[in-house]
1. Once label points are set 7 Å from the Cα along Cα→Cβ at both Asn7 and Glu151, what is their separation, rounded to one decimal in nm?
2. Which three extents, in angstrom, do the Cα atoms of the stretch 127-191 have along their principal axes, listed largest first?
3. Be a star and scan the stretch 1-38 for residues whose amide nitrogen sits under 15 Å from the point 7 Å along the Cα-to-Cβ vector of Ser62.
4. Does anyone have the angle between helix 101-111 and the longest principal axis of the chain? Alpha-carbon axes, 0 to 90°, nearest 10?
5. Just to confirm, what accessible area per residue do you get for the stretch 15-140 at 1.4 Å probe, in whole Å²?
6. How would you order 101-113, 141-153 from highest to lowest mean count of nearby Cβ atoms within 10 Å?
7. Roughly how many percent of the accessible protein surface of the chain is carbon and sulfur, given a 1.4 Å probe and a whole-percent answer?
8. So what's the angle, to the nearest 10 degrees on a 0 to 90 scale, between helix 158-167 and the longest Cα principal axis of the chain?
Amino acid sequence: MLFFNGNGMTIDRSDPFYRQLVQTGAEIFVYDYRGIGFSAGSPDMMTFRQDALRLYDALAASNPGRPVIVYGFSMGTAMATYVASQRKVAGLILAGTIASAAEELPVYTHAQGLPAEAAAALVPAPDAIEAFNEVGNIARSTAPLLMLHGEADTLVPITQGREVFAASASTQKKFVSLPGVAHNQTPGTAQSIAAVAEFFAGIRATR
């Protein structure tokens, strides 16, 4: 399982969560984005996407015949959906999914303290529009899909997750709604870990 971190997650700070993922039975591959945590370089969403694709290719090549699932949380869903749109992944897991930059930018900036009127007037940059076109990317993937979203998520409202789910071209897809769960809690709840374990077991059973 290739996991793509959310904003603010790093390998050292998120180790307890990664250990939860290991309990699903999957081998977990994680890394820090460029310019974040232990990685050198400059943070840039478009570069992040290309790095994600290269890492997926390297992981798949080093494990021939073994299924590789991609899993993204929050900002990481942009990387996961991009990889799934470009490669035939064994499975796709998304948690706290962003639908588009246009929908998320005013929500995120308002949550960071910008007045609602000013946040609503912001226009995302072209790179952001492309990088977070998750509705468009998911429509190009037929991989089995599991989506997790907290009903109490105010940072990325669940309506965005449902929009991405509706756009998915997969014929094997499941949306898990988490009552009372906020954004940063989403991937680590017991219900989420159980859903991931069930999904992973299903992928293995078909191989």
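1. Computed distance between label sites Asn7 and Glu151 equals 2.6 nm.
2. Projected onto the principal axes, the Cα atoms of the stretch 127-191 cover 31, 30, 17 Å.
3. Residues 1-3, 27-32 fall inside that zone.
4. In the chain, helix 101-111 runs at an angle near 70 degrees to the longest axis.
5. Numbers: 5840 Å² over 126 residues.
In whole numbers, the stretch 15-140 has 46 Å² accessible per residue.
6. Numbers: 101-113: 16.6, 141-153: 22.0.
Those peptides, ordered most packed to least, come out 141-153, 101-113.
7. C and S atoms contribute 56 percent here.
8. It is inclined by approximately 60 degrees.
The values are calculated or read from the model by the stated rules, or taken from the named source; none is laboratory data. Since this is a predicted model, take the numbers as computed values, not measurements. Cβ coordinates were reconstructed from backbone atoms using ideal geometry, including for glycine residues, and neighbour counts include every protein chain displayed. Ligands, DNA and RNA are excluded from the accessible area calculation, which covers all protein heavy atoms including side chains. Shrake-Rupley method; radii C 1.70, N 1.55, O 1.52, S 1.80 Å.
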